[in-house]
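Everything on this sheet refers to the single structure shown next.
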Amino acid sequence: WMITSLSPGSGEKMSKHSVKCDDLTGLLSHFTTLQAKARTRTGKAFPIIVIHEAGLDGFWIHRALEQEGLESHVVDPASVLTSRRRRNAKTDRIDGEALLRTLLAYKRGEPRVCAMVRPPTPDEEDRRRLCRERKTLVCERIAHVNRIKGLL
């Protein structure tokens, strides 16, 4: 995971760090480090606000962050504004900066900045899993049939 952060007292400079995928303890320890650095720079305690795109991983990250007492927002990736000049570039670095700017605008109260997603409950997510697994299996079957036909 790529973490793009903007800490108070750092001169409005965005910092980027990588954490191993699915390493929730590493992510939370990095958040603790960021909070400690902000506290030493400014002498104040600041809350951590997290934004991430809705994806195929599901919403377990959102639920885990909220259980830890963090403010977490899930955004629809298609609703985040992107530069038309850099339309072909899609990297974690660019996405992280765009998400951070979107969060700042959203927290300022700017209208129509992005579309936040309502995370489904675990039961709703489990119901969706059956359809997704069936779709994946049908695609695999089609690929196998096409390969067999190609070989024959």
(Q) Can you tell me which of L103, L65, L81 moves the most in a GNM of the chain? Springs connect C-alpha atoms under 10 Å apart. (A) L81
Q. What dipole magnitude, in Debye to the nearest 20, does the chain give about its Cα centre under +1 on Lys/Arg Cβ and -1 on Asp/Glu Cβ?
A. 720
Q: Note the direction-averaged projected area, equal to a quarter of the hull surface, for the Cα convex hull of the chain, in nm².
A: 12.6
(Q) How large a share of the accessible area of the chain, in percent, is made up of carbon and sulfur atoms when the probe is 1.4 Å and the other protein chains stay in place? (A) 53
(Q) How much accessible area per residue does region 56-152 have, counting only protein heavy atoms and a probe of 1.4 Å, in square angstrom? (A) 81
Q. Mind checking which aspartates and glutamates have their C-alpha under 16 Å from K16, skipping anything on the same chain fewer than 8 residues away?
A. D92, D95, E97
Q) Within the chain, which is the longest segment containing none of the trypsin sites (Lys or Arg not before Pro) that sit in a DSSP loop and have at most 12 other Cβ atoms within 10 Å? A) 113-152
Q: Rank G69, A45, H144 by how far each Cα sits towards the positive end of the charge dipole of the chain (+1 on Lys, Arg Cβ; -1 on Asp, Glu Cβ) and give me just the farthest.
A: H144
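The values are calculated or read from the model by the stated rules, or taken from the named source; none is laboratory data. The model shown is predicted, which means the values in this text are computed figures rather than measured ones. In this analysis, Cβ positions are derived from the backbone assuming ideal geometry, glycine residues included, and neighbour counts consider all displayed protein chains. In case anyone asks, the SASA skips ligands and DNA or RNA and just uses the protein heavy atoms, side chains included. Shrake-Rupley method; radii C 1.70, N 1.55, O 1.52, S 1.80 Å.
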